[in-house]
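Before any comments, here is the structure.
Since every read-out is calculated from the coordinates, none of them should be taken as a lab result. Small disclaimer: the values here were computed from a predicted structure and weren't measured. Cβ: placed from backbone, ideal geometry, glycine included. Neighbour counts: every protein chain shown.
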Amino acid sequence: MNEYPLKLEGENIPMVRFQKVTKRYGPLVVLDSLDLDVAEGEMVTIIGPSGSGKTTVLRMLMALETIDEGVIYVDGEPLTHMEKNGELVRASNKHLRRMRTSIGMCFQHFNLFPHMTALENCIEAPIQVLGLDKQEAIDRARDLLDMVGMLEKADEHPARLSGGQQQRVAIARSLAMRPKVMLFDEVTSALDPEVIGEVTQVIRKLVDKHNLTMLMVTHQMGFAKEISDRVCFFYDGSIEEQGPPSQLFDTPQKERTQQFLSAVLEAS
Amino acid sequence: MFDWRWEFVWEILPRLAQATGNTLLAAGFGYGIAVVLGLTFALGQRTRFKLVTLLIREFVEFVRSTPLVLQIFFVFYVGPQFGIMLRPWTAGMIAIGLHYASYLSEVYRAGIDSVPKGQWEAAVSLSLSPVRTYSRIIIPQAIPPAFAGMGNYLVGILKDTPMLSVIGVAELMHTANSIGSESYRFLEPYTLVGVIFLAISLPTAALLRRAEAKIRLKLGLKLR
């Protein structure tokens, strides 16, 4: 394991580093020795055909999936592993739980807790995990709900909210943990077209006003082009091509990227 | 034709009323044990410890595959051979509690399985501990779908309390038997026992349905 440092040190260490990360489901290789660095404050969008492993990247970073080879680092510290007697060993559940607090994730189907109001959704983890006292957690949650335009609905249960509203609450819920990295996994894919805008609006606000590191998987090429610092095109478990959005969308170099983009363009 | 004697009915009613109290006590207490222990069984089958899972599963299977009356006899009569002397009430509560805990554990298990995977993932992504995840996120969502099954077993345990008469718990059936053997009249006591059970079961079932609707509403879940 010598090729993997116990800690990333020095200046300009990336907020997120995938180092030679491989993920298999049985014989199927979902990610093949992936190397990917994301700088602090950077917004990276992942695009690609389904089955290319793009969602898996986010799920591994959230530690919802284990990895088979390689190491993932978050803010210089190993996430998938931990140090023991000067060596990296597989992370314990406790280590994972601690590391996960730096990462927030929003899901395609929101996954709000249906038996809690919007506000209760946003204060549960800050109280239980971060140890905030209730009033402080409520103040913080109300600020965030206000930011996503959902303060009026703070006392509603998710069942009474539209998809777009639920997703905005889910974003507030993740932000309430003050993560360093935010992950957006196809957050607009389950939404009706007319409410997609209200969610992208919130993400845009985050990009403009906050120095959050973000990874986003999306099918909305226009939004990706407008908002990303960098776009990665995934194909067959690895990054086929990456670059600034203008370059990747306007002058893609690889044939597969061109094919994918023209297919997507045709569909929309 | 029937030889139905109302004056005999009035005569035995106070004794049956008292026994009804015992029946309700036995059902309530046994159900209390079953509700708590059943959840313990259900959660115990989800731990990392394979041996615990296996032992609980085998126990649940065993209990579900053998008659309740045998289990009651077993706890009461076989126990003393191992130095465990229990009073009829205690033995009865243990037997019926364990019996229904085994059934309820399956109801809970189905309820827990019905909670969508996304709920677990949301809890994990928020770093909630396993205890918090179960107590705050999973179990509150597992109970409403389990509620109908839990209600069925509440009525079920009530109807099974007469089995406790075999070891001498003075509940309704036991009392009706005593009355019968004292007076040689069985029509009135047994009929009354039936009527009393009906009078308890029917409103209970109706109350449960209303309680279910209320719980679902309170938890913000859709009505079924």
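A few points about this structure:
- Dipole axis of the protein assembly as shown (+1 Lys, Arg; -1 Asp, Glu on Cβ), positive-most option in A:SER102, B:LEU43, B:LEU86: B:LEU86
- Length-normalised contact order for chain A - Cα pairs under 8 Å, 6+ apart - percent: 24
- The angle between the Cα long axis of helix B:172-183 and the main principal axis of chain B comes to about 10°, on a 0 to 90 degree scale.
- Anchor A:LYS54: aspartates and glutamates whose Cα lies under 16 Å away (excluding residues fewer than 8 positions away in-chain): A:ASP32, A:ASP35, A:ASP37, A:GLU65, A:ASP185, A:GLU186, A:ASP236, A:GLU240, A:GLU241
- For A:113-123, mean number of other protein chain Cβ atoms within 10 Å: 4
- Residues B:THR47, A:THR213 in ascending order of nearby Cβ atoms (within 10 Å, fewest first): B:THR47, A:THR213.
- Residue list for segment A:40-65, given a label point 7 angstrom along the Cα-to-Cβ vector of A:HIS219 and an amide N cut-off under 12 Å: A:48-51
- Rel. contact order, % - alpha carbon contacts under 8 angstrom, at least six apart, segment B:6-218: 28
- In this structure, the residue pairs whose Cα-Cα separation is over 27 Å, taken from B:LYS50/B:LYS117; A:LYS94/B:LYS50; A:LYS180/A:LYS205; B:LYS117/B:LYS159; A:LYS7/A:LYS180, are B:LYS117/B:LYS159.
- Rounded if a/c under 1.5, otherwise prolate or oblate - chain A, Cα gyration tensor axes: oblate
- Reciprocal mean inverse distance between Cα atoms of segment A:222-266 - Kirkwood radius, Å: 10.6
- Which of B:SER181, A:SER162 has the fewest Cβ neighbours within 10 Å, and the rest in rising order: B:SER181, A:SER162
- Neighbour-count ranking [beta-carbon atoms within 10 angstrom, fewest first] of B:GLU58, A:GLU42: B:GLU58, A:GLU42
- Each principal axis of the Cα cloud of segment A:5-143 was evaluated for its coordinate range; sorted largest first, these ranges are 45, 39, 28 Å.
- Net charge dipole size for the protein assembly as shown [Lys, Arg +1 and Asp, Glu -1 on Cβ; Debye, nearest 20]: 1340
- Of the GluC sites (Glu not before Pro) in segment B:151-223, not one is in a loop by DSSP (not H, G, I, E or B) with at most 15 other beta carbons within 10 Å.
- Other residues lying with their Cβ under 12 Å from the Cβ of A:LYS7 contribute a combined charge of -3, Lys and Arg counting +1, Asp and Glu -1.
- Relative contact order, percent, segment A:189-268 [alpha-carbon distance under 8 Å, six or more residues apart]: 17
- Cα gyration tensor category, rounded, prolate or oblate, for the protein assembly as shown with a/c compared to 1.5: prolate
- Shape call, segment B:6-218: gyration tensor on alpha carbons, a/c limit 1.5: oblate
- Spacing of the two label points (7 Å from each Cα toward its C-beta) at B:PHE73 and B:ALA17, in nm: 3.7
- Peptide A:140-151 has a mean shielding of 0, counted as Cβ atoms of other protein chains within 10 Å of each residue's Cβ.
- DSSP-defined antiparallel bridges as percent of all bridges, the protein assembly as shown, nearest 5: 60
- Cα-centre dipole for chain A with unit charges at Cβ (Lys and Arg positive, Asp and Glu negative), debye to 20: 580
- The spread of Cα positions in segment A:62-185, taken along each principal axis and listed from longest to shortest, comes to 51, 30, 23 Å.
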